[in-house]
Amino acid sequence: MTYSAPITVDIEYTRGSQRIIRNALPIGRMPIMLRSSNCVLTGKTPMEFSKLNECPLDPGGYFIVKGQEKVILIQEQLSKNRIIVEQDRKGAVGASVTSSTHEKKSRTNMIVKQGRFYLKHNTLSEDAPIAIIFKAMGVESDQEIVQMIGTEEHVMAAFGPSLEECQKAQIFTQTQALKYIGNKVRRQRMWGGPKKTKMEEARELLASTILTHVPVKEFNFRAKCIYLAVMVRRVILAQGNNKVDDRDYYGNKRLELAGQLLSLLFEDLFKKFNTELKKIADQIIPKQRAAQFDVVKHMRQDQITNGMVNAISTGNWSLKRFKMDRQGVTQVLSRLSFISALGMMTRISSQFEKTRKVSGPRSLQPSQWGMLCPSDTPEGEACGLVKNLALMTHITTDMEDGPIIKLAFNLGVEDVNLLCGEELSYPSVFLVFLNGNILGVIRDHSKLVNTFRLMRRAGFINEFVSISTNLTDRCVYISSDGGRLCRPYIIVKNGQPAVKNKHIEELSQGYRGTLRTSCMRA
């Protein structure tokens with residue numbers, strides 16, 4: 001017995017000379033989480049629960065698959081599309097970005113070898129000098145490259161040897177740089193389609209594979225060049241003061257919930273379903289019986305259903321398209337007590353190997369305060385890797401970033417594509433990031449941050465949009481992506497909390513439904 005709902009599609013196809021439209025055709029069944037928006041129990045009164053023989057106090061949040069109650073554990077992972085500066089075992093400082101979009105995922109590394117900067121990517125047969133990458137992206141002037149990275153003496157001195165790489169390789173123009181990178185690209189077997197030249201391959205690689213989350217329109221690499229320059233600058237500054245990013249800091253983490261995991265699984269199964277249907281159509285249509293070909297007869301309803309049910313029942317999430325292979329994603333719901341059942345819904349599983357004897361990911365972090373339970377963790381090898389959410393914690397979902405971009409530009413942010421290298425190197429200029437992408441620059445950063453907070457507290461933008469300033473890196477970070485952990489904060493003005501005793505009394509007497517006004521924020 002599996003609690004699920006049918007997945008239906010509308011299709012349009014040609015049979016012979018006849019155009020046929022079919023509506024609400026079932027292609028499989030999707031397991032439904034209890035008490036979710038699609039569950040039959042949503043919005044029911046206690047009286048209706050008793051008629052359905054259901055407990056009104058049951059928290060929901062689990063699936064019923066093959067007669068068992070299964071919970072999909074929250075998956076903890078490093079945040080995507082963010083620059084992480086770290087030190088390797090030999091003490092060399094480097095920067096890495098794990099880019100993730102709906103189409104592609106890739107990891108780009110900035111490394112230092114013998115005082116020179118190189119870009120490392122698995123599509124390149126060897127590391128490419130960063131100065132040649134800049135030239136391939138259209139920044140041919142050495143002066144502008146240096147201005148993008150920084151005009152301070154120690155920054156220019158650190159980057160100087162990297163510019164000599166172009167001189168040694170005799171590369172001065174974009175065409176020469178693209179040819180150089182084209183020779184380093186690993187050949188991929190591509191069936192069908194026109195054959196591309198090495199220059200076209202290199203340009204395509206820079207546009208769509210390296211730093212894939214930074215958008216490139218009509219091969220305008222401006223935003224991507226500035227992003228690379230920021231990576232180089234961060235590495236140079238970290239070499240000087242040894243201040244690298246903490247991978248275990250909880251602001252650098254994102255949590256994947258059941259909805260995201262199921263959407264990836266469904267996308268993978270749906271692509272397989274379409275591929276198999278296309279194969280059958282390609283085999284039958286060239287034959288004489290093509291006029292009688294009915295695509296509906298060849299639509300297997302069990303393929304998507306079995307894939308979803310098997311993944312939840314076994315806990316193995318194996319998606320070849322996304323190179324994801326995880327075990328133990330689901331667990332059987334513990335019904336020992338109400339608290340144990342609630343604890344299962346809020347359990348967080350780390351991607352870190354449990355057998356490794358490393359203390360860093362297991363230890364308590366100050367950034368977890370108020371968000372994760374400090375004591376509810378198992379003993380043994382999973383200690384510190386399996387955690388539980390605090391009761392007041394909220395996990396964000398993806399928000400529309402259009403209104404945020406519009407507000408930022410209205411508050412004086414200058415578009416990154418309209419800036420030259422010199423404008424970026426001014427000491428008063430702060431870079432503005434939105435979900436890991438550079439939006440532009442601003443001179444009065446405090447006005448931007450304060451206005452954003454006022455707009456958020458007034459309810460004009462989503463309450464879970466976060467904005468913060470990093471004075472060391474001269475950056476303003478705006479985040480509206482999903483998977484961030486939030487908790488309630490009491491707003492303090494002039495040393496006095498905005499929440500008064502009367503608010504607490506009103507809350508205890510049931511007059512005030514929420515304190516989320518000008519007193520508190522998430």
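Side notes on the structure shown:
- The 3J(HN,Hα) values that the Karplus relation (6.51, -1.76, 1.60; θ = phi - 60°) gives for the stretch 172-178 are, in residue order, 10, 10, 5, 4, 4, 5, 5 Hz. Gly and Pro appear as x.
- Estimated at 0.36 nm per residue, the fully extended path between Lys168 and Glu218 surpasses their Cα-Cα distance by 14.9 nm.
- Ordered by the count of other Cβ atoms within 10 Å of each Cβ, fewest first, Arg22, Arg484 give Arg22, Arg484.
- With a threshold of 19 Å on the Cα-Cα distance, the over-threshold entries among Lys105/Lys320; Lys217/Lys447; Lys168/Lys196; Lys195/Lys224 are Lys217/Lys447; Lys168/Lys196; Lys195/Lys224.
- The stretch 83-241 - share of DSSP beta bridges that are antiparallel (%, nearest 5): 100 percent
- Distance between modelled label sites at Glu414 and Lys66, nm, 7 Å Cα→Cβ extension: 6.2 nm
- Fewest-first sequence of Ser36, Ser313 by Cβ atoms within 10 Å of each Cβ: Ser36, Ser313
- Of Val413, Asn494, Ser508, farthest towards positive along the dipole that unit charges on Lys, Arg, Asp, Glu beta carbons give the chain: Ser508
- Structural descriptor for the stretch 402-486: relative contact order 27 percent, calculated from alpha carbon pairs under 8 angstrom and at least 6 residues apart.
- Most positive-pole-ward Cα, Met156, Leu424, Gly259, against dipole of the chain from beta carbon charges: Gly259
- Among the trypsin sites (Lys or Arg not before Pro) found in the stretch 31-131, those both in a DSSP coil and sparsely packed, with 10 or fewer other Cβ atoms within 10 Å of their Cβ, are Arg89, Lys90.
- Rounded to the nearest 5, the antiparallel percentage of DSSP beta bridges internal to the chain is 90%.
- This ranking places His445, His298 by how few other beta-carbon atoms lie within 10 Å of each, fewest first, which gives His298, His445.
- Placing +1 on the Cβ of every Lys and Arg and -1 on the Cβ of every Asp and Glu, with nothing else charged, gives the chain a dipole about its Cα centre of roughly 1180 debye.
- For the residue pairs Lys120/Lys198; Lys66/Lys279; Lys198/Lys272, alpha carbon separations beyond 24 Å are given by Lys66/Lys279; Lys198/Lys272.
- Length-normalised contact order of the stretch 76-182 in % [C-alpha pairs under 8 Å, at least 6 apart]: 18 percent
- Counting Lys and Arg as +1 and Asp and Glu as -1 over every other residue whose Cβ lies under 14 Å from the Cβ of Thr42, the net charge comes to -1.
- Overall, the anisotropy analysis places the chain in the oblate class: the square-rooted eigenvalues a ≥ b ≥ c of its C-alpha gyration tensor yield a/c not less than 1.5, with a/b not exceeding b/c.
- Across the options Ile111, Ile145, Gly182, the greatest Cα extent toward the positive end of the charge dipole of the stretch 83-241 (unit charges at beta carbon of Lys, Arg, Asp, Glu) belongs to Gly182.
- Loop sites in the stretch 345-444: GluC sites (Glu not before Pro), DSSP, at most 10 other Cβ within 10 Å: Glu353, Glu379, Glu400
- Were the residues from Phe322 through Ser340 laid out at 0.36 nm apart, the gain over their Cα-Cα distance would be 3.2 nm.
- Cα shape, the stretch 83-241, gyration tensor, a/c 1.5 rule: prolate
- The stretch 154-246: chymotrypsin sites (Phe, Trp or Tyr not before Pro) in DSSP coil with no more than 16 other Cβ atoms inside 10 Å: Phe172, Trp191, Phe219
- Note on the stretch 340-396 and the stretch 482-497: Cα centroid distance 22 Å, given to the nearest whole angstrom.
- Dipole magnitude of the stretch 1-104 about its Cα centre (Cβ charges: Lys, Arg +1; Asp, Glu -1), debye to nearest 20: 300 debye
- The stretch 402-486: C-alpha gyration tensor shape, a/c 1.5 cut-off, then a/b vs b/c: prolate
- Distance from the Cα centroid of the stretch 66-103 to that of the stretch 132-147 is 31 Å (rounded to whole angstrom).
- With contacts taken as Cα pairs under 8 Å at a separation of at least 6 residues, the chain carries a relative contact order of 15 percent.
Every read-out reported here was derived from the displayed coordinates using simple, explicitly stated rules and does not represent laboratory data. Predicted model, so just to flag it, every value in this text is computed and none were measured. As a convention, Cβ positions derive from the backbone with ideal geometry for all residues, glycine included, and neighbour counts pool all protein chains shown.
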